[in-house]
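Visitor: Take a look at this one; I'll ask things after.
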Amino acid sequence: MTTDEPADPAGPAGSAGSPGRAGGPGAGPAGARSSEAAWGEYTRAVHPPAAPTPAQTPLGLPVYRSAAFAFDSAAEFAELLAGSRVGYSYSRVDNPTSDAFAAAVAALEGHGLGTPVVGQAFASGMAAISTCLLAHCRTGERIVAPTALYGNTYALLRGVLARAGVSTTFVDYADPAALERAVAGGVRLVFAETLANPTMAVADLPALARLAHSRGALLVVDSTFASPIVCRPLRYGADLVVHSATKYLGGHSDATGGVVTGAQEPMAAVRAARIDLGGILGPDEAFLLHRGLATLPLRVERACASAAWLAERLRAQAGVRRVDYPGLPTHPGHDLATALFERGSAGTRYGAVVTVTVAGGRAGAAKLCDRLRLIHLASSLGGTRSKVSPVAATTHRQLDDAALAAAGIDPGAVRLSVGLEDPEDLLADLRAALDEATGATPAAG
Ligand SMILES: *Cc1c(COP(=O)(O)O)cnc(C)c1O
């Protein structure tokens, strides 16, 4: 020990912070510059005393902003890379902060299932979906997916996956006979969304799981619009559940991420493909998304209650032609949602996205969006702030009016992601904008 080191080098943390790999008892016979005391200025700057490793559990999630992890021996390094030892080597392979986020989501999705559920975290929802599909499908195999599908998932299936020789049959999941025909003749993977954008169609997850498993296929469910607070698809036989964590899981519109959860076996292939494709979540985003999870039930339950309250009132509002929300008894997926979705003290949670259709098609939708003052006009959903998006001009811009009609979407549809504001303020903003947009009454104030 040199004279300028503190008396107790371990300090309060309980672990000695020896600089670099050299030095300390047993470091071997010291050559002229092999002891720390003889190191030059540059070496000392690059190899400061190691950070303490607290013996006590930190209550905040540590952010392991480290691309690589050092080993004590070549044997340990080799064993870890060979998979015979667990640990961390390189942050594209695994990172403790990213793992903490994935494990937290897996615990929410897998609670009470009786079988272990694990997770892998990704840099975005699309990284999660693409890795999941590439992990489980090979050239010549087929995917069955719904016609009402998140735009980039549709583009992925029609683009990258089609070019890799994985074909997709798109089918209306509301038509069981068509679905039965689609899975006949070999299918590797059935893809579904718990709640479809913008009609809020509810996937019949138990039926889809039976159908997929009867053909030896996997059921992969994008549950972004639901979050595990509204629905937990693994309960109903889904093999893998994917989320864009950018939405409800993070919940604050400040980080992009994705996550896949499922049983150990299908997840092992997802992790292997994730390592090769390189889409792991970074530690800083993992910290933000993990922190978001702490308030997930609070946020989602409140947003669901506000959405249900708004859906009821908007249905009776002048200028509104239609409201799509599974909490409304008139919604075609209402009974299914009541059967499948989670219940809280305030009853079944039906999600926090409400699609409001106004008269006047695209122009009507644009007018409503332009006149809102509190609710943001923005893409994404699931954040603290409410947002609207005119469907035909944004998420479904590739569809012409005929294609929209075939998908059951009116060009005047506006998707509303209900946030955490006072619902009365949201209703007032929507009413004023509707009045102005439809010229029903002059705007107040
Ligand atoms: C946003 C979204 C995605 C893609 O997630 P990113 O984080 O933007 O990559 C996938 N599916 C659904 C249903 C989404 O809403």
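Visitor: Residues being in contact with a helix residue (DSSP H, G or I) (Cβ under 9 Å, 6 or more places away or on another chain) and within 28 Å of residue 34 (Cα to Cα): count how many of those fall in region 44-68.
Guide: Final tally of qualifying residues: 6.
Visitor: From 102, 78, 128, 107, grab the single residue that is part of a helix (DSSP H, G or I), out of contact with any His (no Cβ under 6 Å at 6 or more places or on another chain) and farther than 17 Å from residue 248 by Cα.
Guide: 78
Visitor: Checking the condition within 16 Å of the ligand (Cβ to nearest atom) and either surrounded by fewer than 23 Cβ atoms within 10 Å (Cβ to Cβ) or among the small types (Gly, Ala, Ser) (or both), which residue from 284, 222 passes?
Guide: 284
Visitor: Out of 194, 147, I need the residue that is within 16 Å of the ligand (Cβ to nearest atom) and within 15 Å of the chain's Cα centre (by Cα). Which one?
Guide: Exactly one residue qualifies, and that residue is 194.
Visitor: So residue 322 clears everything in (1) surrounded by fewer than 24 Cβ atoms within 10 Å (Cβ to Cβ); (2) in a loop (DSSP other than H, G, I, E, B) except one condition, right? Which one?
Guide: Failed condition: (2).
Visitor: Where residues in region 128-139 are small (Gly, Ala, Ser) and open to solvent by 10 Å² or more (accessible area, probe 1.4 Å), which of them is farthest from the ligand (Cβ to nearest atom)?
Guide: 135
Results for (1) under 21 Å from residue 232 (Cβ atoms); (2) at pLDDT 95 or above; (3) within 16 Å of the ligand (Cβ to nearest atom), shown as yes or no for each residue.
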position	(1), (2), (3)
83	no, no, no
105	yes, yes, yes
114	yes, no, no
126	no, yes, yes
141	no, yes, no
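Visitor: Oh, and also: Residue 425 versus (1) of a type in the set (D, E, K, R); (2) surrounded by 15 or more Cβ atoms within 10 Å (Cβ to Cβ); (3) over 21 Å from residue 194 (Cα atoms): which is the lone unmet condition?
Guide: (2)
Visitor: Being more than 15 Å from the ligand (Cβ to nearest atom), in a helix (DSSP H, G or I), of a type in the set (A, V, I, L, M, F, W, C) and open to solvent by less than 30 Å² (accessible area, probe 1.4 Å), is that true of even one residue in region 393-403?
Guide: No; the residues of region 393-403 include none that is more than 15 Å from the ligand (Cβ to nearest atom), in a helix (DSSP H, G or I), of a type in the set (A, V, I, L, M, F, W, C) and open to solvent by less than 30 Å² (accessible area, probe 1.4 Å).
Visitor: List the residue pairs whose Cβ atoms are under 8 Å apart, where the first residue sits in region 294-319 and is among the hydroxyl-bearing types (Ser, Thr, Tyr), the second is open to solvent by 30 Å² or more (accessible area, probe 1.4 Å) and modelled with pLDDT of 95 or more, and the two are 6 or more positions apart or on different chains.
Guide: 306/420; 306/421
Visitor: Still on this model: Looking at region 237-255, which of the residues that are open to solvent by 10 Å² or more (accessible area, probe 1.4 Å) and at positive phi is farthest from the ligand (Cβ to nearest atom)?
Guide: 237
Visitor: Out of region 71-111, which residues are over 16 Å from residue 128 (Cβ atoms), hydrophobic (A, V, I, L, M, F, W, C) and in contact (Cβ under 8 Å) with a residue 40 or more places away in the chain?
Guide: Once the filter is applied, which keeps residues that are over 16 Å from residue 128 (Cβ atoms), hydrophobic (A, V, I, L, M, F, W, C) and in contact (Cβ under 8 Å) with a residue 40 or more places away in the chain, region 71-111 yields 93, 100.
Visitor: Select from region 371-388 the residues that are touching a helix residue (DSSP H, G or I) at 6+ places or on another chain (Cβ under 8 Å) and either of a type outside the set (A, V, I, L, M, F, W, C) or open to solvent by less than 50 Å² (accessible area, probe 1.4 Å) (or both) and list them in ascending order.
Guide: Passing the criteria: 371, 372, 373, 375, 382, 384, 386, 388.
The values are calculated or read from the model by the stated rules, or taken from the named source; none is laboratory data. In this text, all values refer to a predicted model and were calculated from it rather than measured experimentally. Heads up, the Cβs are rebuilt from the backbone with ideal geometry, glycines too, and the neighbour counts pull from every protein chain shown. Calculation scope for accessible area: heavy atoms of the full protein, side chains included, ligands and nucleic acids excluded. Shrake-Rupley method; radii C 1.70, N 1.55, O 1.52, S 1.80 Å.
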